[in-house]
1. Scan segment 23-36 and give yes if some residue there is under 14 Å from the mean Cα position of the chain (by Cα) and among the small types (Gly, Ala, Ser), otherwise no.
2. Restricting segment 115-144 to residues that are without any contact (Cβ under 8 Å) to a residue 24 or more places away in the chain and more than 19 Å from Leu101 (Cβ to Cβ), which is most open to solvent (accessible area, probe 1.4 Å)?
3. What are the pairs, 6+ residues apart or on separate chains, where a residue within segment 4-32 that is within 19 Å of Trp88 (Cβ to Cβ) and of a type in the set (Val, Ile, Thr) has its Cβ under 7 Å from a residue that is assigned to a strand (DSSP E or B) and at pLDDT below 95?
4. Would you pick out the residues in segment 63-85 that are part of a helix (DSSP H, G or I) and either among the aromatic types (Phe, Trp, Tyr) or farther than 19 Å from Tyr108 by Cβ (or both)?
5. Please verify whether Ser78 is over 19 Å from Ala34 (Cβ atoms), at pLDDT below 95 and either β-branched (Val, Ile, Thr) or open to solvent by less than 10 Å² (accessible area, probe 1.4 Å) (or both), treating the condition exactly as stated.
6. Which residue pairs have Cβ atoms closer than 7 Å, lie 6 or more positions apart in sequence or on different chains, and pair a first residue in segment 86-101 that is in a loop (DSSP other than H, G, I, E, B) with a second residue that is surrounded by 16 or more Cβ atoms within 10 Å (Cβ to Cβ) and β-branched (Val, Ile, Thr)?
7. Limited to segment 84-111, what total is found for residues that are surrounded by fewer than 20 Cβ atoms within 10 Å (Cβ to Cβ), over 17 Å from Leu66 (Cβ atoms) and among the charged types (D, E, K, R)?
8. Pairs please, first residue from segment 47-61 and modelled with pLDDT of 95 or more, second anywhere and in a helix (DSSP H, G or I) and surrounded by 16 or more Cβ atoms within 10 Å (Cβ to Cβ), Cβ atoms under 7 Å, 6+ apart in sequence or on different chains.
Amino acid sequence: MAPIGVGSTLPDGQLAWFDENDQMQQVSIHSLAAGKKVILFGVPGAFTPTCSNQHVPGFITQAEELKAKGVDEILLVSVNDPFVMKAWAKTYPDNKHVKFLADGAAAYTKALGLELDLTEKGLGLRSRRFALLADDLKVTVANVEEGGQFTISGAEEILKAL
C-alpha cells in the first residue's frame, strides 16, 4: 500500500491509551479527529533515543503554540503495547496535550502505509517516523521520514505549515 499523503483521508482505526484517570481505553482515530485539526505523529518505538530525546519532547514543548494556531489534538502513535506507552508517557511529567496511543499489532500503522520492518535490528515491525496534519480527517501536511532520519517530522516543521 502506498503511504498516506496530502489529500488523503485519515483511515479509522482503534488504538489503546490510558486516560487521565489511568484507565485503559480503546479509541477510534475518527472520534478524535473528525471535525478537528489534528497532528498525528508516529515514531519507531517508545524509549528509543531519537524518539524520546527529540521527536516527542518537541511536540510537548511546542504544544501550547500548536494549540494557539488552531490544533485541537496532538496524537502520538507507536507500535508498542498500551502499558509501554503509559510508562513512556509518565517520563514526560510536563505533558498536558500529547496523547500517547498504542498500535500494538501495527494495524493502524499498516492502514497508513507507514510500516517499517526493523526485524534485522531486533525490533520487528514498527512505524516509519512521520508527522501528519489533518483538518476534518483530510491530510493537509504529510511529512514522512526516510530511513532513520529526523529532519521533517518534528513540531517545528508542523508549526511552519500552520
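The values are calculated or read from the model by the stated rules, or taken from the named source; none is laboratory data. All of these numbers come straight from a predicted model, not from anything done at the bench. A quick note on method: Cβ atoms are made from the backbone with ideal geometry, for glycine too, and the neighbour counts reach across all protein chains shown. All accessible areas refer to the heavy atoms of the entire protein, side chains included, with ligands and DNA or RNA removed. Shrake-Rupley method; radii C 1.70, N 1.55, O 1.52, S 1.80 Å.
1. yes
2. Residue satisfying both the conditions and the ranking: Glu120.
3. Going by the 7 Å Cβ cut-off, the qualifying pairs are Val27/Trp17.
4. Passing the criteria: Ala63, Glu64, Glu65, Leu66, Lys67, Ala68, Phe83.
5. no
6. Tyr92/Val56; Tyr92/Ile60; Asp94/Ile60; Asn95/Ile60; His97/Ile74
7. Counting residues in segment 84-111 that are surrounded by fewer than 20 Cβ atoms within 10 Å (Cβ to Cβ), over 17 Å from Leu66 (Cβ atoms) and among the charged types (D, E, K, R) gives 3.
8. Correct list of pairs: Gly58/Ala155; Phe59/Ala155.
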